[in-house]
Structure formats: structure tokens, C-alpha cells
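A.B. asks: Please read through the structure below; I'll follow up with questions.
The values are calculated or read from the model by the stated rules, or taken from the named source; none is laboratory data. Because the structure is predicted, anything quoted here is derived from the model rather than measured. FYI the Cβ positions are ideal-geometry reconstructions off the backbone, even for glycines, and counts take in every protein chain you see.
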Amino acid sequence: MRRVGAGVVSLAVFLVAWKLVTVVGGYPEYILPAPEVVGERAVRAIGSGVLWEHTGVTLLEIILGFAVGAFTALVAGIALGKSVLIERVLSPYIVAAQAVPILALAPLLDIWFGGGLLARVVICALIVFFPIAIATMVGIRSADPLLAEMLRSLGATGAQRTRLLEIPSALPVIFGGLRVGVTLAVIGAVVAEWAGASTGLGVLINIANQGLFDTPLMFVALATLATIGLAFHGLVVLVEQRLVTQ
């Protein structure tokens with residue numbers, strides 16, 4: 001309840017500050033619309049079904065992209081953490097792929113994977129992969145060596161040591177990577193839509209900004225993306241509290 005109350009207060013302060021800036025600055029609607037203007041535009045977008053259509057597509061991309069990227073990153077992170085050889089072989093490629101801006105790589109991936117949902121899921125998964133894989137690798141290597149030696153002396157196999165010791169001890173670090181990854185999934189979905197899509201919140205932002213010059217609608221799309229990011233981040237935190245703190 002305290003967190004909810006603090007969130008409500010901070011939101012109210014933000015809206016008041018936003019309103020004051022628009023009033024004091026005297027900005028026109030196409031530069032900085034007032035909160036009530038954005039709210040009214042959101043109601044119209046929801047009523048017409050436009051916002052639901054684009055949000056549904058982006059949500060699907062985020063969920064699938066995060067699921068694929070997180071699962072692949074967890075498997076790769078465990079392998080990197082347990083084998084120095086695998087790390088030496090794969091790390092240069094992982095770092096090089098991360099160093100290439102996804103915005104520059106997205107059009108090429110869009111061509112390779114046919115420009116449909118699959119291409120956008122792959123782009124989203126790629127941007128999610130790196131922080132989760134690195135966090136998993138670091139977490140696996142942070143397991144207590146004395147406990148690992150004890151399990152080894154008891155005859156535990158490598159898979160058993162991973163399941164009973166390394167993964168449980170790595171969970172706090174892994175969830176740190178998942179927190180970052182789930183917010184990056186939102187960015188990945190938008191970047192993927194900019195590379196080539198006909199629906200989605202990224203497309204809606206482009207339509208509002210370049211096609212209709214509808215700044216309030218662009219703010220609605222941005223607020224929807226922020227809300228989605230907060231919701232998924234909160235879900236990851238909730239799972240973390242259930243698995244780690246109890």
C-alpha cells in the first residue's frame with residue numbers, strides 16, 4: 001500500500017508539474033500538449049479501437065521476444081558461466097553483436113526473416129539477450145566454491161550442482177538481468193516496428209508524428225509504452241520476491 005500511495009503521489013506531482021510547464025511556457029499543442037489534452041486524445045483513441053489494435057500487436061511482440069530472448073540468454077549464460085572455453089569462443093561474437101546498434105541491424109533482420117512477426121520477435125529477442133546472458137554468467141560463477149566442492153565430494157554431477165547450487169545462488173543476479181531485459185523488450189519491439197511493420201505502437205508514433213502531426217496521440221502511444229514497461233517490470237519484481245526473498 002505504501003508503494004501504491006507513493007506511486008500515486010509521484011504521478012500527481014508529475015502531472016501538476018507538466019501542467020505548470022505548459023501554462024507558464026505557453027507552448028502550443030503540437031509542441032507540448034497539456035495533460036488533459038493527452039487524456040482526452042487517449043479516450044478517443046481507445047473508443048475508436050485504434051489504441052487497442054496497435055497495443056495488442058506490440059504486446060505480442062514484447063511477450064514472445066522477451067520469452068525467446070530470456071530463455072536463450074539463460075541457457076547461454078549457464079554455459080558461459082560453467083565453461084571458460086565456451087566463454088572464450090562465444091564472448092567476442094556476443095559482444096560484437098551487442099556493439100552493433102540494433103536500429104542499424106533491424107532492417108537487415110527484417111529482410112532475412114520475411115518482415116513479419118518472426119522478424120520483430122527476433123529483433124526484440126536480440127536486444128533482450130545480452131544483459132540477461134551476462135547476468136546469468138556472473139551469477140553462476142558467484143556460487144560458493146566450498147559448497148560446490150562439498151557437492152562434488154558427495155558425488156553430485158555437474159547438472160546436479162547447477163540445479164541445486166549454482167542456479168539458486170545466481171537468482172538475485174539473474175533477476176537483475178531480467179529486470180533490465182524486460183524493459184529493453186519494449187524498446188526492441190518499437191525498433192522492430194520502425195524497421196518495417198504496419199501495426200504496433202511504434203508505427204502509431206510514426207503516424208502521429210510524421211503523418212498526422214498529432215502530438216497528443218504520440219504522447220498517448222508513449223504513455224502506453226511506459227505503462228507496459230512498468231507493468232512487466234513489476235511482474236518480474238513480483239516473481240523475484242516469490243522466488244528469492246522467501
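A.B. asks: Under 8 Å by Cβ, and 6 or more places apart or on different chains, what pairs join a residue from the range 219-230 that is under 15 Å from ASN206 (Cα atoms) with one that is polar (S, T, N, Q) and in a helix (DSSP H, G or I)?
C.D. replies: THR224/THR55; LEU225/THR58
A.B. asks: Looking at the range 183-210, which of its residues are buried (at least 24 other Cβ atoms within 10 Å of the Cβ), touching a His at 6+ places or on another chain (Cβ under 8 Å) and in a helix (DSSP H, G or I)?
C.D. replies: LEU201, LEU204
A.B. asks: Can you pull out the residues in the range 126-144 that are within 21 Å of HIS233 (Cα to Cα) and either in contact with a His (Cβ under 8 Å, 6 or more places away or on another chain) or of a type in the set (Ser, Thr, Tyr) (or both)?
C.D. replies: The one that is within 21 Å of HIS233 (Cα to Cα) and either in contact with a His (Cβ under 8 Å, 6 or more places away or on another chain) or of a type in the set (Ser, Thr, Tyr) (or both): THR136.
A.B. asks: Oh, and also: Among (1) surrounded by 11 or more Cβ atoms within 10 Å (Cβ to Cβ); (2) among the hydrophobic types (A, V, I, L, M, F, W, C); (3) closer than 25 Å to GLU193 by Cβ, there is one condition ALA99 misses while meeting the rest; what is its number?
C.D. replies: (1)
A.B. asks: Report whether or not THR55 is β-branched (Val, Ile, Thr), in contact (Cβ under 8 Å) with a residue 12 or more places away in the chain and in contact with a Gly (Cβ under 9 Å, 6 or more places away or on another chain).
C.D. replies: yes
A.B. asks: Examine the range 115-129 for a residue that is over 18 Å from GLY69 (Cβ atoms), part of a helix (DSSP H, G or I) and free of Cβ contacts under 8 Å to residues at least 12 places away in the same chain, and state whether such a residue exists.
C.D. replies: no
A.B. asks: Under the condition of being hydrophobic (A, V, I, L, M, F, W, C) and outside any helix (DSSP H, G or I), which residue from the range 142-182 is nearest to LEU243 (Cα to Cα)?
C.D. replies: In this case the residue turns out to be ALA143.
A.B. asks: Now a separate question. Could you grab the pairs with beta carbons closer than 6 Å, sequence gap of 6+ or different chains, first residue in the range 10-36 and farther than 16 Å from VAL220 by Cβ, second one part of a helix (DSSP H, G or I) and at pLDDT 90 or above?
C.D. replies: From the range 10-36, the pairs are LYS19/PRO35.
A.B. asks: Within the range 163-174, restricting attention to residues that are touching a Leu at 6+ places or on another chain (Cβ under 8 Å) and at pLDDT 90 or above, which residue is surrounded by the fewest Cβ atoms within 10 Å (Cβ to Cβ)?
C.D. replies: LEU171
A.B. asks: Can you name the condition, by its number, that SER91 falls short on among (1) part of a helix (DSSP H, G or I); (2) touching a residue at least 24 places away in the same chain (Cβ under 8 Å)?
C.D. replies: (2) is the only condition that SER91 fails.
A.B. asks: Take the residues in the range 54-83 that are buried (at least 24 other Cβ atoms within 10 Å of the Cβ) and in contact with a Cys (Cβ under 9 Å, 6 or more places away or on another chain); name whichever of them is farthest from GLY202 (Cα to Cα).
C.D. replies: In this case the residue turns out to be GLY69.
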